[in-house]
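Worksheet: the structure to be examined is printed underneath.
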Amino acid sequence: DDWYRLVLERPATVDAELSVAPGDHRMRMRFWEADGTTQLNTEGGNAGGELFTLQNTFTAGTYLLSVEVASGESAAWNGDGTQPSFWTSPYTVQLRETP
């Protein structure tokens with residue numbers, strides 16, 4: 001899982017768009033409260049390489065965004081052979097405020 005911090009100085013509706021996704025696994029994004037234990041919203045793809053957008057309306061404050069492989073059962077690697085490609089494939093998430 002990759003985690004990112006989002007700091008908002010005013011209330012806003014924010015879109016997080018997975019605009020470049022690893023092609024071999026479904027991905028998921030989640031918005032969280034700043035403590036990382038309370039999930040606010042989640043969205044995921046249905047297939048590897050699928051692009052999607054997660055949207056949430058926030059008050060001013062600090063929040064977290066997690067980006068992860070949604071198919072956890074195939075995320076295991078026992079150290080033999082080549083690492084799964086989704087461990088090293090870059091992805092791009094774009095954040096923007098929705099008017």
Looking at the stretch 6-20, which of its residues are at pLDDT 95 or above and among the small types (Gly, Ala, Ser)?
Ala12, Ala16
May I ask you to list the residues in the stretch 21-79 that are open to solvent by less than 50 Å² (accessible area, probe 1.4 Å), modelled with pLDDT of 95 or more and among the hydroxyl-bearing types (Ser, Thr, Tyr)?
Tyr63, Ser66
Qualifying positions in the stretch 1-57 - of a type in the set (A, V, I, L, M, F, W, C) and assigned to a loop (DSSP other than H, G, I, E, B)
Ala21, Ala34, Ala47, Leu51
Report the residue count in the stretch 80-99 for those that are modelled with pLDDT of 90 or more and open to solvent by 80 Å² or more (accessible area, probe 1.4 Å).
4
How many residues are under 12 Å from the mean Cα position of the chain (by Cα) and within 24 Å of Thr88 (Cα to Cα) when one looks only at the stretch 23-51?
11
Within the stretch 2-20, of all residues that are of a type in the set (A, V, I, L, M, F, W, C) and more than 11 Å from the chain's Cα centre (by Cα), the one most open to solvent (accessible area, probe 1.4 Å) is Val7
Which residues, counting only those in the stretch 8-42, are in contact with a Gly (Cβ under 8 Å, 6 or more places away or on another chain) and either free of Cβ contacts under 8 Å to residues at least 60 places away in the same chain or under 10 Å from Leu64 (Cα atoms) (or both)?
Leu8, Arg26, Arg28, Ala34
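The values are calculated or read from the model by the stated rules, or taken from the named source; none is laboratory data. Computed from a prediction, not measured in an experiment: that's the story for all the values here. Neighbour counts are summed over all protein chains in view; Cβ atoms, including those assigned to glycine, are modelled from backbone coordinates with ideal geometry. Keep in mind that these areas ignore ligands, DNA and RNA; they rest on the heavy atoms of the full protein, side chains included. Shrake-Rupley method; radii C 1.70, N 1.55, O 1.52, S 1.80 Å.
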